[in-house]
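Structure first, commentary second.
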Amino acid sequence: MTLTVAQGSATGQGTPVAARANQVWKVYGSGEAQVVALREVSVELQRGAFTAIMGPSGSGKSTLMHCLAGLDSVTRGDVHIGQTKVTGMKDKALTKLRRDQVGFIFQQFNLLPTLTAEENITLPLSIAGRKPDKAWFDTVIDTVGLRDRLKHRPTQLSGGQQQRVACARALVARPEVIFADEPTGNLDSKSGAEVLSFLRNSVREFGQTIVMVTHDPVAASYADRVIFLADGSIVSELYEPTADTVLDTMKRLDTGA
Amino acid sequence: MLRATLKSVLSRKLRLVLSGLAVVLGVMFVSGAFVLTDTLGRSFDGLFATAFQNTDVTVSVKSTGPAQGFDDDQKLTATVKPETLEKVRGIDGVAKATGIVSADGARVIGSNGKVITSFGPPRLGENWTGENDLVKLREGRAPQSGTEVVMNAGLAKSAGVKVGDQVGVLTTQPKKTFTLVGITEYSGGRDSLGGSMVVSFHESVAAELMLGTPNVYSSVDVKAAAGKTPEQVRDSVRAALGDSFEVKTGAELQKAQTAGAKEALGFFNKILLGFAGVALFVGTFLILNTFSIIVAQRTRELALMRAIGASRKQMIGSVLVEAVLIGLFASAVGLGLGIGVGSLLAWVFGNVGSASLELAGIGVPPAAIISAFSVGMIITLVAALLPAMRASRIPPVAALQEAATPDRPLTKVTVVGSLVTAGGATLLLLGLNDKLGDSSLYGFFGGVLLAFIGIALLTPMLARPIVGVIGRLMAWSVPGKLGRLNSARNPRRTAITAAALMVGIALITGVNTVFTSAEASIQKIADKEVNADLIISGDPSDERPATFDPAVIDKTKAISGVTGFSADYFDVAHALGEDRSVTIMTDVPAYAKMFKLTAKEGEIRALGPDEVLYDEERAKEKGLHVGATIEVQLARGQPRQMKLVGIYAKSSTTGGLILPTTLIGELQVAQPSWGYVDVADGVSVDGVRKQVDALLADSPEVTVANRNDFVQQQTSAFDTVLLMVQILLALAVLIAVLGIINTLALSVLERTRELGLLRAIGLGRFQSMRMITVEAIVISVFGALLGVVVGSGLGAAIVRALKDDGFSTFAMPWTAMGTYLALGAGIGVIAAILPALRAARVNVLQAISYE
């Protein structure tokens, strides 16, 4: 088992980097009540790869993702998405970043109940004032298998279907990175497997970069690479994981070995 | 349970403030009205008490003639003769008797050439009887000849004149100029008694000027001899003079005067309370909506309460306790503000212009406190009752489910709404058409109220389609579209919010429609029935008809190019067993030509002595035909038998008895009020107008105008009334705006997560604000649209019912309606500001991780 935690400002060699965190600290509160969520974390996420972030509750995995996505500010260090430095951005630039370079998939699906599936999918483009690329839209729709559900409203769809709509929404704008926060957390195992296969396929077929936070070893096994966090630091890493190797690593980390 | 409720209330201060504010404003209006009228009422008590402090007993003659002028209370003027004064002086117990001349109608011309007008208080002309405890000369001296006058300081200030100035005064005679030799004040250094304007003439001319007959008095003031009470003196004077005299003590007179003023105040109070009622009605919608939203948002919390054993009763109780708290708090604040507003208005009333009413201390009558709390509590409780019952029906299992509130079908509410609307409309129409006898007015108002409730119930059904259409008009952008969809999301909520705005706008539109129709009707009459090229008239809103110098009549006729002229004298006569208004036309044929007056029976011609004309409708009512004898008694005449020589067809411009010019001398005021000029074809009307205008230099109460200007003059009063109504209804609109703010604020709170998501996928701050703004505009324009439609319907119903009272034309106030709609959109923008800022400040991370 190799443990290669990227250090310093090392840039990815050969593979371009989609997102990168450089010696990031995230500290909440001050004095006695101070909580360190991230402790000098540096990580590079390769373009066209499916990366999973794992770790127990409170390990800082969600915080890391929020910081990488520009949803949360970092206390020290900096974050880049593509060539863009996210740290220190004002709201206007952040909004533009979210429109152009970032996509989100949430555990709670977070679809707008007033819009149809199709409208939900094209919403980020509409907000940015862009027209969807028809061919790409069709490809995405067929990939997620929602063609006959486009005119339905979220309340008329099952959980799995809703999450597939959310995936399509993230994909359709072709962002630099898609951040998925426990995307299968609210789904049964069958629907979860569908969504995960779909995410992996979009990495394989379309070269989409995806970062997923999860605590489910099976979900993590769909990824190309798994990063393990504990107490705000990256403690381990795994390439080409299987459910078993992930579970093993977690057990090892749990026992503090 | 109570503790849980209290904590819940306190944890949502904003919600408490917003829903409480509606009650505060309504209660403020109610208690303010009571404080104002109470303070003014007690001030009048004080005023009349001092006004009669010098009078022990007063003697006047019982009138048998028609009412004086247009005021029912004052019967004319059988005047007191000097012999009577002498007789009173000889009665045992009378220490001193003074003949008093005092009559309304002394109109002073100010330094700007305009007549000093009064809004209520009389313009008295009196004889100077010397200084006393009440009246003192502040400057100058008493009048010593018929060409000198004194006036009270308030009047002198309004007129802008000082001692030594020449002052023009209109009395029962045309303008006469006097030298102002003195200025008076009242005990305590007051400029006037409640705004009354008093000109005191020299004894030698006062009676002739003010009463129309020299050497008489309107009453006799009696001072009781030492050791005699006013009552004793009253009784002995009464015994000595006999039944044809009215003998009263000063106290009795004071009581009667105060009662009159109080009656006027009571009416004023009712109007204020009416507007307060509208504001509270609108407030009810706001509170109802707030509680509904709160209950919806607390579904989980309430279900949890149920799951751990709270009973339905306790659930209702918990919501109602919150309502009681808000009601109590808001009533108390509203009362406090109301006392402030009432005092402020009382101060304004007391000091505006030359009123200088000495205000009694500001008092808070029990009625203000009782009504403030009962109204505040009842409104809040009634509005909270429905949401409370809904809260009690939340099943415990809702605590465990995703808080999805399915759309309840609107069928029931629509059916009920239709029934209530129909009932309200029926009641309204019955009331309007006087089908309900004495309770017609109540029927009308009740009908309006019911119709509003019914339409409010129908609005959820209307909301979806109409909001869709309105929304599409402004939803060209994505945030706009999202805003539109949000506003259609909860039709009930949108509907109630919009309905609150509807009420205010509908009332304003209704009133405006009636006024616009009235204007259009007058315009139509002017176009169709008036051929007079120039019209001499005064301010139509003045209580007493304006008059002008009769000398103008002949001078106008002499202007070259004038082919016809007739002037109208108006008065009230006792005829056919009643007091009726009568007209004397100086030239009946000329009038008939200019106003297309045609004979229905007999003929329309110049009248000889003891000949009269009557209108078709009233003649028919009395079963009179040409040749009939009618007994007529004018203000200064004896009853006389007159012959009906002609009955004229229904006319919009005149009505009632037309008397011969020989009777002008028997009128209360022998001066014409209106004049109509016919100008020959080809002669410049404006040239003639200028010449007539010059003739009217000494008759500043009237002006001469061509037909179009005249119509405008006549209708200008509507604009003033409309403005007042709009100002008073603005409060109702303001409360509706609070409602929109409230609904949006609560919706933003409810959709925090959604807003976060939208921000996460790239919605900018400005776009979030725009989304909320569109939602607000859609709601407010929807409300304004409903209001405009309902209001014009209401106006149409009123105009139709008044068809026989001169409303010949129905006209819509299109411009105003457009303005109200635009105003609706503006209201939406304003209401959206705070909620939009809140939406823009949503923290993306917190919003999406918020459970």
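The values are calculated or read from the model by the stated rules, or taken from the named source; none is laboratory data. Being a predicted model, the structure only gives us computed values, none of them experimental. All Cβ positions, even for glycine, are placed from backbone atoms using ideal geometry, and neighbour counts span all protein chains on display. These area figures cover heavy atoms from the full protein model, side chains too; ligands, DNA and RNA do not enter into them. Shrake-Rupley method; radii C 1.70, N 1.55, O 1.52, S 1.80 Å.
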Table column - 3J(HN,Hα) (Hz), region A:106-122, Karplus curve with 6.51, -1.76, 1.60, x for Gly and Pro: 10, 4, 8, 6, 6, 9, 7, x, 7, 9, 6, 4, 4, 5, 4, 5, 8
For region B:598-688, shape from the Cα gyration tensor axes a ≥ b ≥ c, cut at a/c of 1.5 then a/b versus b/c, turns out oblate
Expected max-MSF residue from A:54, A:65, A:89 in the GNM of chain A (alpha carbon, under 10 Å) is A:89
Can you list residues whose amide H is under 5 Å from residue A:179's amide H, if they're 5+ apart or on another chain and H is modeled 1.01 Å from N? A:103, A:104, A:105, A:211
Helix B:765-801 versus the longest principal axis of chain B: what angle, 0 to 90°, nearest 10, using Cα atoms? 40
Which value results for Rg/Rh of the protein assembly as shown when Rg is the Cα radius of gyration and Rh the Kirkwood radius based on the inverse mean 1/r? 1.15
Can you tell me the 0 to 90 degree angle between the C-alpha axis of helix B:366-392 and the longest principal axis of chain B, rounded to 10? 30
Any chance you could check region B:819-851 for residues losing 10 Å² or more of accessible area when the partner protein chains are in, compared with the chain on its own (1.4 Å probe)? B:844, B:845, B:848, B:851
Of the accessible area of region A:33-109, with the probe set at 1.4 angstrom, what percent is carbon plus sulfur? 47
Given a 1.4 Å probe and every protein chain left where it sits, what share in percent of the accessible area of region B:51-260 is carbon and sulfur? 49
Anything losing 20 Å² or more of accessible area from the isolated chain to the full protein assembly: pick those residues out of region B:466-505, probe 1.4 Å, ligands and DNA/RNA ignored. B:478, B:481, B:482, B:485, B:489
5 Å is the cut-off here: which amide hydrogens, built 1.01 Å from N in the peptide plane, fall below it relative to residue B:602, excluding neighbours closer than 5 in sequence? B:647
Buried on assembly, region A:89-112 (at least 10 Å² less accessible surface than by itself, 1.4 Å probe): A:91, A:95, A:98, A:99, A:104, A:106, A:108, A:110, A:112
Summing Lys, Arg as +1 and Asp, Glu as -1, what charge do residues with Cβ under 14 Å from the Cβ of residue B:779 carry, residue B:779 excluded? +4
When chain A is treated as a GNM, springs tying every alpha-carbon pair under 10 Å, which of A:114, A:184, A:214 comes out with the largest mean-square fluctuation? A:114
Taking the reciprocal of mean 1/r across every pair of different Cα atoms in region B:51-260, the Kirkwood radius in Å is 17.6
Kindly compute the accessible surface that chains B and A hide from a 1.4 Å probe when together, both sides summed, and give it to the nearest 100 Å². 2100
In Hz, Karplus ³J(HN,Hα) per residue of region B:122-138 (6.51, -1.76, 1.60; θ = phi - 60°; x = Gly, Pro): x, 10, 8, x, 10, 9, 6, 10, x, 6, 8, 4, 8, 10, 10, 7, 8
Using the alpha-carbon atoms, what tilt in degrees (0 to 90, nearest 10) does helix A:91-100 show relative to the longest principal axis of chain A? 60
Using a probe radius of 1.4 Å on heavy atoms only, what accessible surface per residue do you get for the protein assembly as shown? Whole Å² is fine. 43
Running Debye on chain B with equal point scatterers at the Cα sites and no solvent, what base-10 log of I(q)/I(0) appears at q = 0.05, 0.06, 0.10 Å⁻¹? -0.39, -0.55, -1.15
So who's got an amide H within less than 5 Å of the one on residue B:670, skipping anything under 5 residues away but keeping other chains? H placed 1.01 Å off N, in plane. none
Carbon and sulfur atoms: what percent of the 1.4 Å accessible area of region B:548-698 do they account for? 47
Considering chain A as a Gaussian network with a 10 Å cut-off on Cα pairs, which listed residue, A:187, A:68, A:199, attains the greatest mean-square fluctuation? A:187
Could you derive backbone 3J(HN,Hα) for region B:491-500 from the dihedral phi with the Karplus parameters 6.51, -1.76 and 1.60 (θ = phi - 60°), listing whole Hz in sequence and x where the residue is Gly or Pro? x, 5, 5, 4, 5, 5, 4, 5, 4, 4
